[in-house]
Every structure is written in structure tokens, then in C-alpha cells.
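The values are calculated or read from the model by the stated rules, or taken from the named source; none is laboratory data. Nothing here was measured: the structure is a model prediction, and the numbers come from that model. Quick reminder, even Gly has a Cβ in these numbers, built from the backbone with ideal geometry, and neighbours come from all protein chains shown.
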Amino acid sequence: MPTDLPNLLTLSRIAAIPVLVTFAAIGAPWSNMVACAVFSVAAVTDYFDGKIARDRGVTSSFGRMLDPIADKLLVGAALMLLVGLERLSHAALYPAIVIMLREIMVSGLREYLAELRVGLPVTRLAKWKTGFQMGALGTLLAGDSGAGLIGLSALPVSLIGEAGLWVAAALTLATGWDYLRAGLRHAGEQDAAVQPTAPVGETAAQP
């Protein structure tokens, strides 16, 4: 049910997006830290909603549908904010593009495979990708100005965040390729299954 705790946690990630956008748009050091905190708390719910659902045995179709949507909305909003507010260097645009394109591709693959009643399992590498991605985006939302509020002005926080974004992009390519291969394999199997076969004893006519 939508009112189960795991589903409420998933919905909270979507509800956090306008709050994240508001504080990030203010652009002050304190608001950057609040945006980082909002994003980080929302990202952590991605772990707990699945764990609670499994532990309590309350997994639902609603949750399975909404969970990846909430993740992609949160990540997409954070990336667009960072680009739109010019919080990323030109070099960091490339991993951001890779991450966005991969999310779109995987969404398309999930939609196609859902018609075949085939699921895409979450691999260990995909979990690492998510960890680096969320960590990098949270760090970039705080930025150098926000980090200065908590005594970390000596650290190149934005540079660290961009490095994490490159690592996430590399993992994104690896996991995206795995999912694409799975999609192509199932598509090939479906095409082979519907190919017409000639009756036994008949041969193709010669020209």
C-alpha cells in the first residue's frame, strides 16, 4: 500500500525535490549546506525503504514501480541544478551527461522488459555506482562555500565532488552496458521466437 513505511520513504524522496531546489537556488553558503543535507537524507532513504520492505515482508508493486522513479527524479533534479547554477566545471559536464543518458536508457530498457515480464536485477556494481553518485552530488551541492561553514574551507570540496562524479560515470557506463546486453539478449530471443519456420520437408523456392 502507498501508506506503508517503505513507500512513504520513497515518496519522501520526491517530496524533497522542491525543498532541495529552493535552498540550492538561494545560493548562500548556509542554504547550500541545507540543500546538501536535504539531498543526503533523501538519498539515505533509498537504502532504508528497500531494507524495511524486505525485513517486514511488505514489498509491493507500487513500491517496485515508484522506487526507481524517485531515484531518477532526485538525481536528475540535482544534476540539472548543478548545471543550471553553474556549479560544475566544463569538464564535469561530461560525467553528468553520461549519468543522465544512462538513466534514460535504463528507464527505456525497464519499460520494454516489463512487457516481457522480465526484471533487471540490481547488481553489486550498480549499488557502488549509486553510492558514489549520491556522495558526489551531495558534496557538490554543499560546494566550497558550504563546506567553509563547517571548517572544511581548506579542502577542495568541489574538486572532490567532481572526482566522485567521474567515478560514478565510469561505474554508470559499466552497469549501463550490462543492462543493455541483457535487453539486447531478450530482444534477440523474442525475435527468434516469432520467426516463421518452414514446415518439415519443405525447402525454400529457388529463384
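Specify which of the listed residues (146, 108, 131, 135) is assigned to a helix (DSSP H, G or I), farther than 18 Å from residue 42 by Cβ and among the small types (Gly, Ala, Ser).
Values: 146 fails: farther than 18 Å from residue 42 by Cβ; 131 fails: farther than 18 Å from residue 42 by Cβ; 135 fails: farther than 18 Å from residue 42 by Cβ.
Testing whether each residue is assigned to a helix (DSSP H, G or I), farther than 18 Å from residue 42 by Cβ and among the small types (Gly, Ala, Ser) leaves just 108.
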**Prompt:** Limited to the stretch 155-207, what total is found for residues that are within 29 Å of residue 132 (Cα to Cα), small (Gly, Ala, Ser) and modelled with pLDDT under 80?
**Reply:** 2
**Asked** Between residues in the stretch 57-68 that are of a type in the set (Asp, Glu) and residues that are surrounded by 14 or more Cβ atoms within 10 Å (Cβ to Cβ) and in a helix (DSSP H, G or I), which pairs lie under 8 Å by C-beta distance while being six or more apart or on different chains?
**Response** 67/10; 67/46; 67/49; 67/50
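With the condition kept exactly as written, say whether any residue in the stretch 20-28 is part of a loop (DSSP other than H, G, I, E, B) and either free of Cβ contacts under 8 Å to residues at least 24 places away in the same chain or of a type in the set (A, V, I, L, M, F, W, C) (or both). Walk me through how you get there before you give the answer.
At the first step, the residues of the stretch 20-28 found to be part of a loop (DSSP other than H, G, I, E, B) are 27-28.
Remaining after also requiring either free of Cβ contacts under 8 Å to residues at least 24 places away in the same chain or of a type in the set (A, V, I, L, M, F, W, C) (or both): 28.
Among the residues of the stretch 20-28, at least one is part of a loop (DSSP other than H, G, I, E, B) and either free of Cβ contacts under 8 Å to residues at least 24 places away in the same chain or of a type in the set (A, V, I, L, M, F, W, C) (or both), which makes the answer yes.
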**Message:** Just to be sure I understand, how many residues within the stretch 70-93 are touching a residue at least 24 places away in the same chain (Cβ under 8 Å) and surrounded by 14 or more Cβ atoms within 10 Å (Cβ to Cβ)?
**Reply:** 16
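Let's see how each residue does on (1) crowded, with 21+ Cβ neighbours inside 10 Å; (2) farther than 30 Å from residue 30 by Cβ:
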| position | (1), (2) |
| --- | --- |
| 99 | yes, no |
| 113 | no, yes |
| 124 | no, yes |
| 135 | no, no |
| 138 | yes, no |
| 153 | no, no |
| 164 | yes, no |
| 174 | no, yes |
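Residue check: is residue 71 acidic (Asp, Glu), part of a helix (DSSP H, G or I), out of contact with any Gly (no Cβ under 8 Å at 6 or more places or on another chain) and closer than 20 Å to residue 165 by Cα?
Answer is yes for this residue.
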